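Student: The structure that follows is given in the form of structure tokens.
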Amino acid sequence: MISMLTALMCCVLAFALKWSTEAAQHRLYNFAHHHLIWFIVFPTCGITAIYFLRKYLFQNRKNKGITEIYKTLDQRKDHLPFFKIPSHFLNGFLTVIFGGSTGIEVSTVVATATIGNETYKRDFSAKIYKRELISAGVVAGVAVLFGSPIAGWLFALEVIARKVNKALLLSCSAAALVSWIFILSIDSKPLLPFQVNDWSWKALPFFVLLSLFGALISVYFTVLVIRIKEFFARIPNNFIRVNLGALLVGAAILCFPFLYGDSYHGMIEVIGKAIDHEPVSLAVLGLLLLMKPLVAALTLGAGGDGGVFAPSIVVGAILGVFFALICNQFFHTELIPLNFALAGVAATLSSAISAPFTTLVLVCGLVPNGYALFIPVFVSSFVAQRIARFILPYNVYTYGMDKASAK
């Protein structure tokens with residue numbers, strides 16, 4: 001019952017953050033699109049606002065992302081402080097609406113985990129159920145963001161809890177049930193408004209090859225985040241650090257408006273053009289593959305709130321479209337861009353969060369009939385995750401983010 005109550009509160013929080021961020025981002029992006037100078041000004045406004053909120057309202061206490069959850073789970077006496085709910089909510093909101101090239105997913109995960117931690121601290125349940133209540137909160141948060149209770153359930157078990165027992169299964173399942181009812185009540189729709197038609201077994205080798213590229217892009221992104229955070233941590237002057245990062249982000253957005261915010265709007269447009277056989281510049285797609293991780297890393301390094309979730313989805317989709325168009329144009333194949341966009345998302349996201357089962361369900365839920373691509377998405381998720389972990393051990397990302405934040 002406590003897990004269900006926790007899940008309900010987390011559903012409301014996740015929905016409020018998602019709806020408000022989408023609405024505000026859409027309005028500010030349209031305004032800046034007609035007054036281009038604001039593409040440079042907006043990131044400075046957002047990251048500066050976050051800096052002052054962190055300094056004066058939240059007393060210089062920093063947000064370190066999902067690593068905070070791991071720390072509180074590994075050390076039972078260490079808790080997620082209550083301020084992380086408003087801190088991640090406001091910081092994630094301000095980062096994305098003002099163009100910071102990341103997403104609200106990590107902000108939502110930490111905020112909902114904190115709600116779970118708060119219910120635990122209130123002694124509503126036995127002291128052994130801390131992990132269960134935190135996981136229940138995360139289930140609801142991820143479920144509402146992507147309209148998939150199963151994806152939330154898997155993410156909580158695979159990424160947050162990192163173990164399975166009867167109590168965890170009961171708690172997460174109760175939270176998933178509440179999330180499912182909540183999602184039905186708000187009429188949630190898939191992120192991508194496209195339909196999968198079919199796929200051919202002859203394309204399977206191409207999906208495997210795409211998985212390799214997805215893993216490499218993911219490693220590139222991870223290393224960029226670590227190095228750029230370390231670089232900004234060495235800048236002693238806060239004014240220079242915040243404004244340098246924000247201006248670099250703004251300049252990149254001015255050149256490529258696609259990079260604004262979570263970039264889901266641009267991703268949908270690119271996929272739609274590829275499906276309709278409209279002209280798509282391969283050179284621009286290639287630049288976006290390199291620029292989106294870089295600008296996302298700059299956003300985080302300058303002090304923005306977020307993580308690798310949304311950038312990995314966007315980069316994976318662009319990679320898949322780019323790969324399909326290259327093969328069709330130069331090797332005379334007949335690859336379907338939408339299929340490879342989804343497989344690309346599976347490859348990069350699975351590599352980034354090291355959670356192939358979560359990725360499998362989440363990607364299949366990005367379009368109304370995504371499970372028609374179950375096998376290609378399955379292959380892409382698992383192959384890419386194995387390659388990425390071979391190149392870059394799992395603990396490197398977590399350690400690097402903690403180290404950069406501590407500095």
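The values are calculated or read from the model by the stated rules, or taken from the named source; none is laboratory data. Because the structure is predicted, anything quoted here is derived from the model rather than measured. Positions of Cβ are backbone-derived with ideal geometry, glycine not excepted, and every protein chain shown enters the neighbour counts. Remember, those area values only see protein heavy atoms, side chains included, never the ligands or the DNA or RNA. Shrake-Rupley method; radii C 1.70, N 1.55, O 1.52, S 1.80 Å.
Student: Which ³J(HN,Hα) values in Hz, rounded to whole numbers, follow from the phi angles of region 337-344 under the Karplus curve 6.51 cos²θ - 1.76 cosθ + 1.60, where θ = phi - 60° and Gly and Pro get x?
Tutor: x, 4, 4, 7, 4, 5, 5, x
Student: Add -39500 (n - 2.57) for each DSSP H run of 4 or more in the chain, then divide by its residues: what number comes out at 222 nm, to the nearest 500 deg cm²/dmol?
Tutor: Working: 17 runs with 293 residues, N = 407.
That comes out to -24000 deg cm²/dmol.
Student: Sequence neighbours fewer than 8 away in the same chain don't count; with that in mind, list the lysines whose C-alpha is under 28 Å from K229.
Tutor: Partners found: K18, K55, K62, K64, K71, K84, K292, K403, K407.
Student: Another one. Over the chain, with every protein chain in place, what whole percent of the accessible area is carbon and sulfur at 1.4 Å, could you tell me? Can you show the working numbers first?
Tutor: On the way: 11590 of 16960 Å².
Carbon and sulfur atoms account for 68 percent of the accessible area of the chain.
Student: Go through region 17-31 residue by residue and turn each phi into a ³J(HN,Hα) via Karplus (6.51, -1.76, 1.60, θ = phi - 60°); whole Hz please, and just put x for glycine and proline.
Tutor: Whole-Hz 3J(HN,Hα) from phi for region 17-31: 5, 5, 5, 5, 5, 4, 5, 5, 4, 4, 5, 5, 5, 5, 5.
Student: Separate question: Relative contact order, percent, of region 137-275 when contacts are C-alpha pairs under 8 Å separated by at least 6 residues? Walk me through the numbers on the way to the answer.
Tutor: Details: 68 pairs, mean separation 21.7, N = 139.
The value is 16 percent.
Student: Hey, another quick one. What is the calculated FRET efficiency for W19 to F239, with r their C-beta to C-beta distance and R₀ = 45 Å, to the nearest 0.05? Spell out each step's value before the answer.
Tutor: Working: r = 34 Å, r/R0 = 0.74.
So, using R0 = 45 Å, E works out to roughly 0.85.
Student: If the chain between N369 and T67 were fully stretched, how many nm would it gain, using 0.36 nm times the residue separation less the Cα-Cα distance? Please report the intermediate quantities before stating the final value.
Tutor: Numbers: separation 302, 0.36 × 302 = 108.72 nm, distance 3.39 nm.
Taking N369 through T67 to full extension adds about 105.3 nm, to one decimal.
Student: Under a 10 Å cutoff between Cα atoms, tell me which one of L282, L13, L342 has the largest fluctuation in the Gaussian network model of the chain.
Tutor: L282
Student: Give the long-range amide H neighbours of R162: residues separated by 5 or more places, or on another chain, with amide H under 5 Å away, using H modelled in the peptide plane at 1.01 Å from N.
Tutor: none
Student: Can I get the semi-axes of region 77-224's equivalent ellipsoid? Compute them from the C-alpha gyration tensor as square roots of 5 times the eigenvalues, in angstrom, largest first. Display every interim value, and only then the final one.
Tutor: Working: eigenvalues 187, 81, 61 Å².
Each semi-axis is √(5λ); the values are 31, 20, 17 Å.
Student: For region 263-275, what does the Karplus curve 6.51 cos²θ - 1.76 cosθ + 1.60, with θ = phi - 60°, yield as ³J(HN,Hα) per residue in whole Hz, taken in order and with x for Gly and Pro?
Tutor: Each residue of region 263-275 in turn: 6, 4, 4, x, 4, 4, 5, 5, 4, x, 5, 5, 5 Hz.
Student: Further, regarding this structure: Express the relative contact order of the chain as a whole percentage, based on alpha carbon pairs under 8 Å and six or more residues apart in sequence.
Tutor: 22
Student: Report the FRET efficiency, 1/(1 + (r/R0)^6), for L170 and Q75, where r is their Cβ-Cβ distance and R0 is 25 Å, rounded to 0.05.
Tutor: Efficiency for this residue pair is about 0.55.
Student: Follow-up question, since we're still on this one. Could you give the length gained on full extension between V284 and E334, defined as 0.36 nm per residue of separation minus the Cα-Cα distance, in nm?
Tutor: Length difference between fully extended and current span is 15.8 nm.
Student: Let me ask something additional. What translational diffusion coefficient, to the nearest whole µm²/s, does region 264-404 have by Stokes-Einstein, given a Kirkwood radius computed over alpha-carbon pairs, a temperature of 37 °C and 0.692 mPa s viscosity? Let's see the in-between values first.
Tutor: Details: Rh = 15.6 Å.
Answer, rounded: 210 µm²/s.
Student: Ok, one more. Over region 1-138, what is the mean sequence separation of C-alpha contacts under 8 Å (at least six apart), divided by residue count, expressed as relative contact order in percent?
Tutor: 35
Student: Can you sort L285, L294 by 1.4 Å-probe accessible area, starting with the largest?
Tutor: Most to least solvent-accessible, the answer reads L294, L285.
Student: For the chain, what does the accessible surface come to per residue with a 1.4 Å probe? Please give it in Å².
Tutor: 42
Student: Continuing with this model, one more query. Rounded if a/c is under 1.5, else prolate if a/b beats b/c, else oblate: with a ≥ b ≥ c from the C-alpha gyration tensor eigenvalues square-rooted, which is the chain?
Tutor: Oblate, because a/c is 1.5 or more while a/b does not exceed b/c.
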